[in-house]
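Participant: Dropping the structure in here first, questions after.
A short reminder: the numbers here are calculations on the coordinates, not readings from a lab. On a predicted model such as this, the values are computed, not experimentally measured, just so you know. Note that each Cβ is placed from the backbone with ideal geometry, even for glycine, and that neighbours are counted across all protein chains shown.
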Ligand SMILES: NC(=O)c1ccc[n+]([C@@H]2O[C@H](COP(=O)([O-])OP(=O)(O)OC[C@H]3O[C@@H](n4cnc5c(N)ncnc54)[C@H](OP(=O)(O)O)[C@@H]3O)[C@@H](O)[C@H]2O)c1
């Protein structure tokens, strides 16, 4: 099958490309054009590389030509400049759906997020829901995945706290840290996407992608510390102070540094609510073997080079 993967250079994208290539698919990758120097050579497993912004209709039309399935992974967790949730999640999905339809693409496998719903407090979740609705109404044969937090080599969550704990005597917890998350390994997410491309029972279905255990933020930090054999103080930051901090970071990173901040107010809202779902339908259909969180992160945090998995598109 000829498969186009958008967001192919990202954390999840690299794993999905590898899984699709290993399953024998011909993978076309869509990645954002680089402003900082010449385009690197395509990563192994990629038959063809297209450089395009998700808002570039002409480039998307070209990338969809001759493609059987689109796997749409493009997404952002922080808004920077013109890259807002509305532009990337909603308009970007609208554009790629239109290009896929016009090119006669057979299937569309879409990345959403657990917690996406119409009246969610976080704009990230609301925009992800609006994108899901576009996919459901597209007329294409679709599958939607809704993961909780995804971990693995190169992730921006577990690695962030593991790195921080190397030198900092404290780890910050925003608010109570009691809200529950269900972390899932990136390998499992990639496997589901790769199998969904040919699995007829996945058509017209939305799947939660969640690990075997619901863990509080505090429990996740304690597990990271246990796996890395460190003892650090968990410092609870009151929410009003955390919001102020996030606001300053947003301003500094967006306006001055022009890159995503390490924390934004939308993420704070999401961290205050449970992000859990039912892992069983995906486990059963895609043959996942649930791995305990401590075992999963031990596979890459235990190595001296924490957080391998650099961008290579
Ligand atoms: N990681 C998680 O825990 C998690 C959980 C639930 C859902 N998700 C969803 O999973 C997807 C992948 O996330 P990730 O963790 O792999 O994030 P990531 O590493 O930041 O990957 C996102 C990808 O989207 C691309 N992208 C962003 N803006 C674009 C634009 N304007 N035009 C074209 N491409 C653009 C990025 O390109 P660059 O490389 O150039 O930035 C990158 O390749 C996202 O939709 C995210 O919302 C992630």
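Participant: So what's the angle, to the nearest 10 degrees on a 0 to 90 scale, between helix 11-22 and the longest Cα principal axis of the chain?
Facilitator: Relative to the chain, helix 11-22 is tipped by roughly 50 degrees.
Participant: What whole number of Å gives the distance from the Cα centroid of region 16-34 to the Cα centroid of region 206-277?
Facilitator: Distance between centres, Cα-based: 29 Å.
Participant: Please label the shape of region 1-159 as rounded, prolate or oblate, based on the square roots a ≥ b ≥ c of the eigenvalues of the alpha-carbon gyration tensor (a/c under 1.5 means rounded; beyond that, a/b larger than b/c means prolate, else oblate).
Facilitator: rounded
Participant: Okay, next question. Quick one: angle between helix 239-251 and the longest Cα principal axis of the chain, in degrees between 0 and 90, rounded to 10, please.
Facilitator: 50
Participant: Here's another thing I want to ask about it. In Å, the Kirkwood hydrodynamic radius of the chain over pairs of distinct alpha carbons?
Facilitator: About 20.0 Å for the chain.
Participant: Follow-up question, since we're still on this one. If we count other beta carbons within 10 Å of each Cβ, what is the order of 71, 248, fewest first?
Facilitator: 248, 71
Participant: Return the FRET efficiency for the residue pair residue 101, residue 2: r is the Cβ-Cβ distance, R0 is 22 Å, and the value is rounded to the nearest 0.05.
Facilitator: 0.85
Participant: Starting from 0.36 nm per residue, how many nanometres of slack lie between residue 178 and residue 241 once their C-alpha separation is accounted for?
Facilitator: Stretched fully, the residue 178-residue 241 segment lengthens by 20.9 nm.
Participant: Which peptide among 126-134, 224-232, 266-274 comes first, and what is the full order, when sorted by highest mean count of other Cβ atoms within 10 Å?
Facilitator: Top of the packing list down: 126-134, 266-274, 224-232.
Participant: Roughly what percent of Cα-Cα pairs across region 140-224 reach past 22 Å? Kindly include the intermediate steps, with their values, before the conclusion.
Facilitator: On the way: 1351 of 3570 pairs.
Of the Cα pairs, 38 percent sit more than 22 Å apart.
Participant: To check you understand DSSP bridge types, tell me what percent of the beta bridges within the chain (both residues inside) are antiparallel, rounded to 5.
Facilitator: 10
Participant: With each pseudo-label sitting 7 Å past Cα toward Cβ, what's the residue 274-residue 248 distance in nm, one decimal?
Facilitator: Between residue 274 and residue 248, the label points sit 3.5 nm apart.
Participant: What percent of all Cα-Cα pairs in region 67-226 falls in each 10 Å bin, counting up from 0?
Facilitator: 10, 34, 34, 16, 5, 0
Participant: Moving on to the next point. What angle, in degrees between 0 and 90 and rounded to the nearest 10, separates the Cα long axis of helix 217-227 from the longest principal axis of the Cα atoms of the chain?
Facilitator: 80
Participant: How would you rank 293-302, 161-170, 190-199, highest first, on the average number of other Cβ atoms within 10 Å across their residues?
Facilitator: Per-residue Cβ counts within 10 Å, averaged per peptide and sorted highest first, yield 190-199, 293-302, 161-170.
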